[in-house]
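Remarks on the structure that follows.
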Amino acid sequence: MPKDTISRRAKRGPSAPKKQRRRACDSCYKRKIQCDAEFPQCNWCKHHNLACTYNRLQTRTQPRDQLHLQLSEKSSETDSNLSNPDVNLHSASTGSSAGSRRTQPSSFGLDSMTCFNWMHLLSDEGQKWIESRTGEKVRFEELYAPDLPWANTRRLYMETLNSSSIRELPSRCSVEGYVKQYFASFQSLVFPVISQSLFEKTLDLAYGPRSSFGSASARSCVYAFIAVVNLFEVGDNFQEAMDCGYFASAAQTFMVHITQEMTIDGLQAVVMLILFQYFLGDLQAAAVSVSIATRLLYTLGANTMSGAYSPDGSHSHDENIEECHLRYLFWICYSFDKDICLRTGQPPAINDSYCNLTLPSDYARLQDSNILRDTMSMDTHTLPLFPWDLRLSKIKSEAYEALYSVGAQRKSDSEILSSIRNLDEALEQWRVSLHADVRPTLLFSHEMPVSAKLNTQAVMLRLAYYHCVTMIHQASERGRLSKEGTAGGINTSISLAINAGTSTLSYLQTVLPVVKGECFWVLLFYAITAILTLFRNTLHNPLGPKAHSHVHILREVPDLIRRIPIRKLTLGEAIHLRFLDGFTTELARLGACAISQAEQEAVVLSGTQVLDSGVEYPL
């Protein structure tokens, strides 16, 4: 509503014409109490330090979205501080195309994009929503700092180079030593980014005449490989070590040549850059690299190749065969692409409909067998583990398409819930198919035992499962706005998302001693996703039975984050850890304020004396 309209109404006073307006402000109307309509604040809003608004007048020509969950969770009044008058989420009529589409979420508090990016909390709309739920000003400086690693990760790890400033490659003998060490490590089973025999040809090109076709891509591949082995600290003689950021930057300087030559060496280089960027938390750069790798995969035909690679049929898996290795690179890109899109909310680069998604032969049995081993004798016929279980990556792809794509925004709430049920069934079928020693439990608490065979890959599998549960069921929050009679299913789905969040944090507390240091940024993402889930639910439902428990969990998160293992505490990690102390502390404070405000309002609405706002409720 325009400010001049509010001013005119204030000047007219109680006797002014009442055409197309209501006397009560939003807060008084919501509580069904008498409003004196004083300007700029009515007596109630002034006494309770609330924003005195009349925003609900803007929605008078449209079907009203039911946004606000009152203390009993049964009210269907509009919380006008949260509503967006330009969006109609609920299908008012099946015969109207305008009424049957949802173009974007209409409430910050229920916005699924918050699942992807906590920076959305810092928008003006986000801060207003938080303040409306807590009665407190948000300490913006605790939730954002311009020098954060995730705001500009590359500047902390990578130099800006040009082709004339690149140092020569290390000696071929040294690189061959790194290759030998890499293939003796467990990382080569998880990340089959090179083939030992095919890489010999890469080295021939990289150390041969620079006029040869593919030489630039081969050199980029070698630089990227050195960056990756340094990142994972493969072998025992990396103490003198190299600057992995420098070598990653050197690999990137060849990107123009890579897109012109379009060779398998160039594809390997880009895939290794994806690895490097992902494990340093630079998801935006990793997403761009995935896009480039996707075009290379399509050009080389890796997206349509079959699962039979050995010419004589004696072996289904042989990394020495170029087609087999290309297929491995495809699955690595596919896995990262589907994970990144659920982390960032951006569409995937790989379109499933243009790909052969037939899994490698005997995949399920070999996956169970390989993931249980801490060390294993590997040969060229060993099926890789890949970064994530390929079946889970396919479910991630289906989840994004069904719940977060443009097409999903047009679905009705009942259609969204139907998609959630289908995805949940697929996820459960995958879960129960896993070996009992690595099968994630539906819930996890500190008292539960863990497998004696636990390793980093098994830990990441369970965390990925809980994250997938969160992303599937958190999509049901949009249904809180509807009138479709699906409240039971929505509440159940939201509860599952919350349980996945608490399970993530409890599991991290238990398994951190076995996790490798290079996983710092990945683990941090899972932890932050979990705490945002708990924080948002606390603000939505401050009188819920677990609200106090969730705030208590939020207060323990800084200690958890400080215990996440790190290979080497760089400037990036130091800034990140210092910031997250304040970040999680502020979320816990705001959660406690939301509970306190809701409890006071409950007392006021019950007709008894208002509690002292200074009372601190025990958690």
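The values are calculated or read from the model by the stated rules, or taken from the named source; none is laboratory data. Model, not experiment: these values are computed from the prediction. Methodologically, a virtual Cβ is constructed for each residue, glycine included, from the backbone with ideal geometry; neighbour enumeration extends over all protein chains shown. Each accessible area value is taken on the protein alone, full model and side chains, heavy atoms only, with ligands, DNA and RNA left out. Shrake-Rupley method; radii C 1.70, N 1.55, O 1.52, S 1.80 Å.
Filter the range 294-305 down to the residues that are under 14 Å from Thr259 (Cβ atoms) and either under 21 Å from the mean Cα position of the chain (by Cα) or of a type in the set (Ser, Thr, Tyr) (or both) and list them by number. So that I can check it myself, show each step before the final result.
Residues of the range 294-305 that are under 14 Å from Thr259 (Cβ atoms), as a first pass: 294-300.
Listed by number, the residues that qualify are Thr294, Tyr298, Thr299.
Output the number of the condition that Asp236 fails; it satisfies all remaining conditions of (1) modelled with pLDDT of 85 or more; (2) part of a loop (DSSP other than H, G, I, E, B); (3) of a type outside the set (A, V, I, L, M).
Just one mismatch for Asp236, condition (1).
If I filter the range 363-382 for residues that are open to solvent by 30 Å² or more (accessible area, probe 1.4 Å), within 30 Å of Asn491 (Cα to Cα) and acidic (Asp, Glu), do I get at least one hit?
no
Kindly evaluate Ile561 against the criterion of being of a type in the set (A, V, I, L, M), closer than 23 Å to Met460 by Cβ, at pLDDT 90 or above and in a helix (DSSP H, G or I). Talk me through it step by step, then tell me what you get.
Working: of a type in the set (A, V, I, L, M): yes; closer than 23 Å to Met460 by Cβ: yes; at pLDDT 90 or above: no; in a helix (DSSP H, G or I): yes.
When the stated conditions are applied, Ile561 does not pass them.
Need the failing condition index for Val271 against (1) farther than 21 Å from Leu205 by Cβ; (2) at pLDDT 95 or above, just the number.
All conditions are met except number (1).
Looking only at helices (runs of 4 or more DSSP H) that fall completely inside the range 163-207, which ones have 2 or more residues that are without any contact (Cβ under 8 Å) to a residue 40 or more places away in the chain and open to solvent by 30 Å² or more (accessible area, probe 1.4 Å)? Steps first, please.
On the way: elements: 172-183, 187-190, 196-206.
Helices (runs of 4 or more DSSP H) meeting the threshold: 172-183, 196-206.
Which of the residues that make up the range 536-556 are outside any helix (DSSP H, G or I), in contact (Cβ under 8 Å) with a residue 24 or more places away in the chain and under 19 Å from Gln474 (Cα atoms)?
Start the filter on the range 536-556 by keeping residues that are outside any helix (DSSP H, G or I), which leaves 541-546.
Subset that is in contact (Cβ under 8 Å) with a residue 24 or more places away in the chain: 541-543, 546.
The answer is Asn541, Pro542, Lys546.
Those residues that are open to solvent by 10 Å² or more (accessible area, probe 1.4 Å), farther than 23 Å from Arg578 by Cβ and among the hydrophobic types (A, V, I, L, M, F, W, C), I need them from the range 503-547; list them, please.
Val514, Leu543
Can you find, within the range 396-412, the residue that is nearest to Leu275 (Cα to Cα) among those that are open to solvent by 10 Å² or more (accessible area, probe 1.4 Å) and assigned to a helix (DSSP H, G or I)? I'd like the intermediate steps shown before the answer.
In the first step, residues of the range 396-412 are kept if they are open to solvent by 10 Å² or more (accessible area, probe 1.4 Å); the result is 397-398, 400-402, 404-407, 409-412.
Next cut, assigned to a helix (DSSP H, G or I) only: 397-398, 400-402, 406-407, 409.
Working: Ser397: 19, Glu398: 23, Tyr400: 22, Glu401: 24, Ala402: 27, Val406: 28, Gly407: 30, Gln409: 31 Å.
Per the criteria, the residue is Ser397.
Count, please, the residues in the range 304-334 that happen to be of a type in the set (Ser, Thr, Tyr), modelled with pLDDT of 90 or more and surrounded by fewer than 20 Cβ atoms within 10 Å (Cβ to Cβ). Before you say what the answer is, go through the steps one by one.
Residues of the range 304-334 of a type in the set (Ser, Thr, Tyr): 304, 306, 309-310, 314, 316, 328, 334.
Of the ones still in play, those that are also modelled with pLDDT of 90 or more are 304, 328, 334.
Retained after the next criterion (residues that are surrounded by fewer than 20 Cβ atoms within 10 Å (Cβ to Cβ)): 304.
So the answer is 1.
For the range 241-303, which helices (runs of 4 or more DSSP H) that fit wholly inside it have 3 or more residues that are under 18 Å from Glu322 (Cα atoms) and open to solvent by 20 Å² or more (accessible area, probe 1.4 Å)?
On the way: elements: 244-252, 255-261, 264-279, 283-300.
Helices (runs of 4 or more DSSP H) meeting the threshold: 283-300.
Consider the range 581-612. How many of its residues are modelled with pLDDT under 80 and either in a helix (DSSP H, G or I) or hydrophobic (A, V, I, L, M, F, W, C) (or both)? Working first, answer last.
Keep residues of the range 581-612 that are modelled with pLDDT under 80, which gives 605-612.
Narrowing further to those that are either in a helix (DSSP H, G or I) or hydrophobic (A, V, I, L, M, F, W, C) (or both): 605, 610-611.
Of the residues in the range 581-612, 3 are modelled with pLDDT under 80 and either in a helix (DSSP H, G or I) or hydrophobic (A, V, I, L, M, F, W, C) (or both).
Please enumerate the residues belonging to the range 532-556 that are of a type outside the set (S, T, N, Q), modelled with pLDDT under 90 and within 19 Å of the chain's Cα centre (by Cα).
Passing the criteria: Leu532, Arg536.
Is at least one residue of the range 454-465 without any contact (Cβ under 8 Å) to a residue 40 or more places away in the chain, open to solvent by 10 Å² or more (accessible area, probe 1.4 Å) and more than 27 Å from Asn537 (Cα to Cα)?
Within the range 454-465, the first condition is being without any contact (Cβ under 8 Å) to a residue 40 or more places away in the chain, and the residues that meet it are none.
No: the range 454-465 contains no residue that is without any contact (Cβ under 8 Å) to a residue 40 or more places away in the chain, open to solvent by 10 Å² or more (accessible area, probe 1.4 Å) and more than 27 Å from Asn537 (Cα to Cα).
Only one of these is acidic (Asp, Glu), without any contact (Cβ under 8 Å) to a residue 12 or more places away in the chain and assigned to a loop (DSSP other than H, G, I, E, B): Glu428, Glu447. Name it.
On the way: Glu428 fails: assigned to a loop (DSSP other than H, G, I, E, B).
On inspection, the qualifying residue turns out to be Glu447.
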